[in-house]
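The values are calculated or read from the model by the stated rules, or taken from the named source; none is laboratory data. Keep in mind the model is a prediction, meaning the values are calculated, not measured. Every residue, glycine as well, gets a Cβ built from its backbone with ideal geometry; the counts of neighbours run over all protein chains shown. SASA here: full protein model, heavy atoms, side chains in, ligands and nucleic acids out. Shrake-Rupley method; radii C 1.70, N 1.55, O 1.52, S 1.80 Å.
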Amino acid sequence: MTTLLRAEGFSCPSCVDKLEKALNRVDGVEDTTVHFTTGRITVDHDDTVDPQALADIVTKNGYPARVSAM
């Protein structure tokens, strides 16, 4: 499965690395790509992962996020 998230507040490219590491630590997440300039985050994962939980992780890391339709 692939989940698309939209996030706000990226201020520097190091945000990308921080979020990718946080999301890739979730059991069931296979790959994460954070697009700094657009605020898009794509997460490839198995069906045990709750998309809202992914958005919550991004938000807890300081970047308000929501699940977006593909």
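Listing for the model above:
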item	result
Amide H partners (placed H, <5 Å) of residue 65, local residues excluded	59
Cβ charges +1 (Lys, Arg) and -1 (Asp, Glu), total dipole of the chain, debye	400
Cβ-derived FRET efficiency at R0 22 Å, residue 42 paired with residue 17, nearest 0.05	0.90
Rough spin-label spacing in nm, given labels placed 7 Å along Cα→Cβ, for residue 67 and residue 53	1.2
Accessible surface, per residue, of the chain when the full set of protein chains is kept, probe 1.4 Å, Å²	58
Rg ratio (alpha-carbon, reference 2.2 N^0.38 Å) - the chain	0.96
Sulfur and carbon atoms: percent of accessible area, the stretch 1-63 [1.4 Å]	46
The chain: angle of helix 14-24 to the longest principal axis, Cα-based, in degrees nearest 10	10
Folded to 0 to 90 degrees: helix 51-60 orientation relative to the chain principal axis, Cα	30
